[in-house]
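K.L.:
First the structure, then my questions, so here it is.
The values are calculated or read from the model by the stated rules, or taken from the named source; none is laboratory data. Just so you know, these numbers come straight off a predicted model, no measurement behind them. Note: ideal-geometry Cβ built from the backbone for every residue, glycine included; neighbour counts use all protein chains shown.
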Amino acid sequence: MTHTETHSILVGFVIVAWAALSLMLNVFGVFAPHPDKPPLALLISVIGVPLVFLIAYAFSTKVRRLALGLDLRLLTAMQAWRIIGVMFLVLMSFGFLPGTFAWPAGLGDLLVGAYAPFVVLAISRRTPGWHRHVVLLNVLGLLDFVGAIGSGVLSGRSPLGLLRGDVTTDIMQELPLSMIPTFAVPFWIVLHILSLIKLRNPQAVAGESVV
C-alpha cells in the first residue's frame, strides 16, 4: 500500500469518526436549543475542530505532511457542495427559517458553491491569477460562515437571539439539519484553512495541473 493510499484511508477514517461523533451528540440532544442558555455547545463544535486542527498542524510533523499532501483541486472542488445552501431559501419560503438567517446563509453558500468549479479549472490550467481566485474563494467562504453563524445565533431562541421573530433558527439545532452546523460547517472551515495553507507552500501544489 502506497503512502497516498494510507493517507487517504486515514483521512477517511477521521472524517467518518468525526461525523459519527457529531451524530451521536446530536441524538443525545447536546446541541438542542435552550431559550435560557446561549448555544455554547454549538459554537464550540464550529470553532473547536478547526482550532484543534491548527494546533495539530503546528505541533505535528505527520499532520503537516498529511495536510500538504492533499490535492488543492480536490479541496476546492469539495466547496462546490456548498450550493446545497439554497435549501435555506426554500425552507424560508415555507416558513421554517427566518429571512435574517436564510438570505445571508443561502446566498453566501450559493455564491461559494457556484464559484468553486471555476476556481478548480483555473488551478488545473494554471490560469494567470489563479492564486487570487483561490484566496478569494476561501475568504468568501469563511466570511459566509461568519455571517451565517452570526445571523443564525442572533435569530435563535437563546438569550443572544436579538433578531428573533415569530420564526427562529431552532430547526438548525435539530436533526437532521443540525448536522450542518455541527459537522459540515467545521469540515468546510478546515478545508478552507487547508487550501490557504497549501497556497502558502508552492511546492505542495506543484504538479497538480493538467494538460
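K.L.:
State whether one or more residues within segment 120-135 are under 24 Å from Ile15 (Cα atoms) and not aliphatic (A, V, I, L, M).
P.N.:
no
K.L.:
Of all residues being crowded, with 22+ Cβ neighbours inside 10 Å, within 15 Å of the chain's Cα centre (by Cα) and among the hydrophobic types (A, V, I, L, M, F, W, C) in segment 60-110, which is nearest to His133 (Cα to Cα)? Just the residue, please.
P.N.:
In this case the residue turns out to be Leu75.
K.L.:
Restricting attention to segment 10-30, and to residues there that are under 17 Å from the mean Cα position of the chain (by Cα) and either of a type outside the set (A, V, I, L, M) or not in a helix (DSSP H, G or I) (or both), which single residue is surrounded by the most Cβ atoms within 10 Å (Cβ to Cβ)?
P.N.:
Looking at residues that are under 17 Å from the mean Cα position of the chain (by Cα) and either of a type outside the set (A, V, I, L, M) or not in a helix (DSSP H, G or I) (or both), I get Ser22.
K.L.:
Count, please, the residues in segment 19-63 that happen to be more than 27 Å from Ser151 (Cβ to Cβ) and either aliphatic (A, V, I, L, M) or modelled with pLDDT of 90 or more (or both). Steps first, please.
P.N.:
Kept after step one, since they are more than 27 Å from Ser151 (Cβ to Cβ), are these residues of segment 19-63: 20, 24, 55-63.
After this cut, where a residue has to be either aliphatic (A, V, I, L, M) or modelled with pLDDT of 90 or more (or both) as well, the list is 20, 24, 55-61, 63.
Going through segment 19-63 one residue at a time, the tally reaches 10.
K.L.:
Being under 30 Å from Asp36 (Cβ atoms), out of contact with any Gly (no Cβ under 6 Å at 6 or more places or on another chain) and either without any contact (Cβ under 8 Å) to a residue 12 or more places away in the chain or surrounded by 15 or more Cβ atoms within 10 Å (Cβ to Cβ) (or both) narrows it down to one of Thr182, Thr169, so name that one. Can you show your working first?
P.N.:
Values: Thr169 fails: out of contact with any Gly (no Cβ under 6 Å at 6 or more places or on another chain).
Matching residue, one of Thr182, Thr169: Thr182.
Here's the yes/no breakdown for (1) modelled with pLDDT of 90 or more; (2) under 16 Å from Ala41 (Cα atoms):
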position: Pro181; (1), (2): yes, yes
position: Ala184; (1), (2): yes, yes
position: Trp188; (1), (2): yes, no
position: Ile193; (1), (2): yes, no
position: Val210; (1), (2): no, no
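K.L.:
Which one of these is in a loop (DSSP other than H, G, I, E, B) and in contact with an Asp or Glu (Cβ under 7 Å, 6 or more places away or on another chain): Pro33, Pro38? Please lay out each step first, then the result.
P.N.:
Details: Pro38 fails: in contact with an Asp or Glu (Cβ under 7 Å, 6 or more places away or on another chain).
Within the list Pro33, Pro38, the selection yields Pro33.
K.L.:
Mind telling me which of the residues Leu110, Leu89 ends up being assigned to a helix (DSSP H, G or I), out of contact with any Leu (no Cβ under 6 Å at 6 or more places or on another chain), closer than 20 Å to Thr168 by Cβ and not hydroxyl-bearing (Ser, Thr, Tyr)?
P.N.:
Within the list Leu110, Leu89, the selection yields Leu89.
K.L.:
Looking at (1) over 23 Å from Val30 (Cβ atoms); (2) of a type in the set (Ser, Thr, Tyr); (3) assigned to a loop (DSSP other than H, G, I, E, B), find the lone condition where Thr168 falls short.
P.N.:
(1)
K.L.:
Then there's this: Where the second residue is outside any helix (DSSP H, G or I) and of a type in the set (Gly, Ala, Ser) and the first is closer than 20 Å to Ile197 by Cα and lies in segment 113-139, which pairs have Cβ atoms under 6 Å and are six or more apart or on separate chains?
P.N.:
Within 6 Å, the pairs are Ser124/Ser209; Arg126/Ser209.
K.L.:
Let me ask something additional. Does Asn138 qualify as being among the polar types (S, T, N, Q) and within 15 Å of Ala80 (Cβ to Cβ)?
P.N.:
Considered against the rule, which asks whether it is among the polar types (S, T, N, Q) and within 15 Å of Ala80 (Cβ to Cβ), Asn138 comes out as yes.
K.L.:
For segment 144-155, check the following and say yes or no: at least one residue is modelled with pLDDT of 95 or more, of a type in the set (D, E, K, R) and in contact with a helix residue (DSSP H, G or I) (Cβ under 9 Å, 6 or more places away or on another chain).
P.N.:
Scanning segment 144-155 turns up at least one residue that is modelled with pLDDT of 95 or more, of a type in the set (D, E, K, R) and in contact with a helix residue (DSSP H, G or I) (Cβ under 9 Å, 6 or more places away or on another chain).
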